[in-house]
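Data first, discussion second: the structure below is written as structure tokens.
Quick note: the coordinates plus some simple rules give every number you see, no bench work behind them. In this text, all values refer to a predicted model and were calculated from it rather than measured experimentally. Glycine gets a Cβ as well: all are built from the backbone with ideal geometry, and neighbour counts include every protein chain shown.
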Amino acid sequence: MIQHGYTPKFAVGTVAGSSVLGMLIPPSLLLIVYGFVAEQSVGILFIAAIVPGLMLATAMAVAVFAMAHLWPAFVGNPSVDDMAEENLASAAVKLLPIAALITLVLGGMYGGFYTPVEAGAAGALVIGLVRRRLTWGRLRTVLVETGHVTVAILFLILAANIYGRMLALSGFPQMLSSLIADAHMGYYAFMAVYVLMVLVLGMFLESISLMLIVLPLTLPIVTGFGGDLVWFGIVSVIAVEMGLLTPPLGIAVYVVRSTINDPRVTLNQVFIGAAPYVAIMLIVTVALIAFPKILLLLL
């Protein structure tokens, strides 16, 4: 993007800001973890996340379009003359496998034919075989990486289960609920405090660890208010996304900066470039809290 004329802060900010969409748009690892902790259906969580995910992606696309026209100094002066050989047909061919895999996963999940894991694994395997890109060496690497990720997640879930049981035995959630009741904190006030707390903790903690620590404390309170746990899960994921992009210790920002060996890109530029996307996520979060029925459009 920088080579094509975009400013460094816009280029890295767009990469950092849009990268967190993967946590919300299914299949999402965070929603799987939330479904286990909150004892909610992962399939229903995936379906509920489709509309907010599309809302967030559309809002980001509109923001990029608006910044390009209203704030050109921030975006830069891009040129795509050297990409003239790319056309609609060639782009469609390149996107076809991805679109087919998304359709397979979401369509089968929505229709109840198979689980997201089954659809994703089988679909990716077929695409790899058809394109002749899958070798025995690559298959072994994928299996080993999958094993590492799965084992790490299972250990985290096991620790969260023990942690949740410890909290239940200690009576801390009940005490926290009593404190909120004594403070006469309403539902929307609690949600505002919760989003702020997750945003601050997200500056210091990794996303899965953050959810495993916070959810056992807040889920009983949400249930006490009569809130829908599926809706609460989507709001929680977006709030975690914001925390990963905010200074001074936004983990996603540090990851983007650490992978770029370019002296023109500084950590400050990544934070500045990601700031518009944090604002967009905050607006979408407020909209979901004010109008929770948005999540029920596909349920």
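What number comes out for the charge environment of V200, summing +1 per Lys or Arg and -1 per Asp or Glu over other residues with Cβ under 15 Å away? Value of the local net charge: -2.
For segment 103-155, what class follows from the C-alpha gyration tensor (a ≥ b ≥ c being the square roots of its eigenvalues): rounded when a/c is under 1.5, otherwise prolate if a/b is larger than b/c, else oblate? Show your work: numbers first, answer last.
On the way: a/c = 4.03, a/b = 1.15, b/c = 3.50.
Verdict is oblate for segment 103-155.
The tail of the calculated P(r) for segment 180-219 beyond 11 Å holds 66 percent of all Cα-Cα pairs. From least to most packed, judged by other beta carbons within 10 angstrom and beginning with the fewest, T246, T103, T218, T259 follow the order T259, T103, T246, T218.
If you place +1 on the Cβ of every Lys and Arg and -1 on the Cβ of every Asp and Glu, how big does the dipole about the Cα centre of segment 1-130 come out, in debye to the nearest 20? Mind dumping the intermediate values first?
Working: 2 positive and 6 negative charges, 44 e Å.
So the magnitude is around 220 debye.
Shape summary: segment 6-102 maps onto an equivalent ellipsoid whose semi-axes, from the alpha-carbon gyration tensor, are 32, 19, 11 Å in decreasing order. Compactness check for the chain: Cα Rg over 2.2 N^0.38 Å is 1.09. Compute the relative contact order of the chain as a whole-number percentage, counting only Cα pairs closer than 8 Å that sit 6 or more residues apart in sequence. That works out to 33 percent. Each residue of segment 288-294 was assigned a 3J(HN,Hα) from its phi angle through the Karplus expression (A = 6.51, B = -1.76, C = 1.60, θ = phi - 60°), giving 5, 5, 6, 10, x, 5, 4 Hz with x at Gly and Pro.
log10 I(q)/I(0), Debye, Cα-only segment 192-255, no solvent, q = 0.15, 0.19 Å⁻¹? Log10 I(q)/I(0), no solvent term: -0.42, -0.65.
In deg cm²/dmol and to the nearest 500, what is the mean residue ellipticity at 222 nm of the chain if only DSSP H runs of at least 4 residues count, each as -39500 (n - 2.57), divided by the residue total? Computed ellipticity for the chain at 222 nm equals -25000 deg cm²/dmol. Mean shadow of segment 171-299, computed from the convex hull of its alpha carbons, in nm²? So the mean shadow area of the Cα hull is 9.0 nm². Dipole magnitude for the chain: computed about the Cα centre from +1 point charges on Lys and Arg Cβ and -1 point charges on Asp and Glu Cβ, it is near 400 debye. In the chain, the longest principal axis of the Cα atoms and the axis of helix 8-19 are about 50 degrees apart.
Put the Cα centre of segment 242-266 next to the Cα centre of segment 78-139 and the gap is 29 Å.
Springs between Cα atoms under 10 Å define the GNM used for the chain, and in it the highest mean-square fluctuation of N268, N77, N87 occurs at N87.
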